[in-house]
Amino acid sequence: MDRLIRADWARVEMEKRQAELRGGVVIQFGKNWLKGDHVIWNLDKETGWVDGGTVYFAENQLYAQSRYLAKVGPTQYTLKEGYLTGCDPEQPDWKVRFDEMKVDLEGVAWASHSSFWVRNVPVLYSPLAVLPVEQKRRTGFLIPWGGYSDLSGFDVEVPFYWAMRED
């Protein structure tokens, strides 16, 4: 199934090709999906906005939660007041919090007033951050990881990925 829209309540304006969806809304497009309680969605352009929603970028295995989330193009998103993580979004081990983030799945995500958190501890602040989210394989640094244990103390990893071939 390539496309799916599910909600507890829906109103569709056929002239505008727009749906207002409420309650347990799930919109799936390909492997990516977004969830929220209130969504306005354009059925033709597959764009719209969500109040207090979550989006999952399957190719990158990243979740983003935000107070305001908009899909503004085929691969473009705008998010405000939220965070991005590769962990369970309900209790992430790490996250990048932001005031505003613009994501293009064919390139990078730009985040303003962002901070990197490990569990519930802020570790690093940046007024502007760039995160790679391109879906094609490419050589570069991956998302850093940090932690603490009684045995080793503080631990930080900045992994590097070498894409030797397309596959």
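In Å², what does the accessible area per residue of the range 1-129 work out to with a 1.4 Å probe?
Working: 7140 Å² over 129 residues.
Heavy-atom accessible area per residue stands at 55 Å².
Kindly sort Asp8, Asp104 by accessible area of their heavy atoms, largest first, with the probe set to 1.4 Å. Don't skip to the end; give the middle numbers.
Details: Asp8 130, Asp104 50 Å².
If we order Asp8, Asp104 from most to least accessible, we get Asp8, Asp104.
Under a point-charge model restricted to the Cβ atoms of Lys and Arg (+1) and Asp and Glu (-1), what is the dipole moment magnitude of the chain relative to its Cα centre, in debye to the nearest 20?
300 debye
What ratio of Cα Rg to 2.2 N^0.38 Å holds for the chain?
So the chain has a normalised radius of gyration of 1.13.
Starting from the alpha-carbon convex hull of the range 84-167, give the projected area averaged over all orientations, in nm². Write down the numbers at each step before the final one.
Values: hull surface 26.7 nm².
In nm², the orientation-averaged hull projection of the range 84-167 is 6.7.
Please report, as a whole percent, how much of the solvent-accessible surface of the range 1-144 comes from carbon and sulfur atoms (probe radius 1.4 Å). Before the final figure, lay out the partial values.
Values: 4170 of 8260 Å².
The value for the range 1-144 is 50 percent carbon and sulfur by accessible area.
What does the convex hull of the Cα atoms come to per residue for the range 1-82, in Å³?
Each residue corresponds to 83 Å³ of Cα convex hull volume.
Quickly work out the Asn120-to-Trp145 label distance, labels modelled 7 Å from Cα along the C-beta direction, and quote it in nm with one decimal.
Reported label-point gap for Trp145 and Asn120 is 2.4 nm.
Given labels modelled 7 Å from the Cα in the Cβ direction, how far is it in nm from Phe29 to Glu46?
0.6 nm
For the range 35-85, what is the per residue volume of the convex hull drawn over the alpha-carbon atoms, in cubic angstrom? Don't jump to the answer; show the numbers that get you there.
Details: hull volume 3.5 nm³, N = 51.
Roughly 68 Å³ of hull volume per residue.
Can you sort Thr139, Thr78 by solvent-accessible area, 1.4 Å probe, largest first?
Working: Thr139 65, Thr78 20 Å².
Heavy-atom accessible area, descending, gives Thr139, Thr78.
Skipping prolines and chain starts, which residues have an amide H placed within reach, meaning under 5 Å, of the one on Ile143, given they are 5 or more residues away or on another chain?
Residues meeting the amide H criterion: none.
The values are calculated or read from the model by the stated rules, or taken from the named source; none is laboratory data. Since the model is a prediction, treat every value here as computed from it, not as a measurement. Because the Cβ atoms are built from the backbone with ideal geometry, glycine has one as well, and the counts that use them run over all protein chains shown. Surface areas here come from the heavy atoms of the whole protein model, side chains and all, with no ligands, DNA or RNA. Shrake-Rupley method; radii C 1.70, N 1.55, O 1.52, S 1.80 Å.
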